[in-house]
Amino acid sequence: MGLPPRSGKIKNLDKLDAQFFNLNENDADYMDPQIRLLYEVVYEAIIDS
């Protein structure tokens, strides 16, 4: 039982437009990647609604 030969990866996970989300650049650099993704997904959901 080994690991699967492939895995899902999110490209540019370390990229976040801090200014767009009104965040401090330093805070955005240390923000959990899941929170970064949450910001983007919530924004897209609001725009699409």
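The values are calculated or read from the model by the stated rules, or taken from the named source; none is laboratory data. Not measured: the values here are computed from a predicted model. Methodologically, a virtual Cβ is constructed for each residue, glycine included, from the backbone with ideal geometry; neighbour enumeration extends over all protein chains shown.
Checked against the criteria, residue 37 does not count as modelled with pLDDT of 90 or more and surrounded by 11 or more Cβ atoms within 10 Å (Cβ to Cβ).
Residues that are loosely packed, with under 12 Cβ neighbours inside 10 Å and not hydrophobic (A, V, I, L, M, F, W, C) were ranked within the range 40-49; the one that is farthest from residue 10 (Cα to Cα) is 49.
If you filter the range 14-31 down to residues that are in contact (Cβ under 8 Å) with a residue 12 or more places away in the chain and within 16 Å of residue 44 (Cα to Cα), you find that the one that is surrounded by the fewest Cβ atoms within 10 Å (Cβ to Cβ) is 21.
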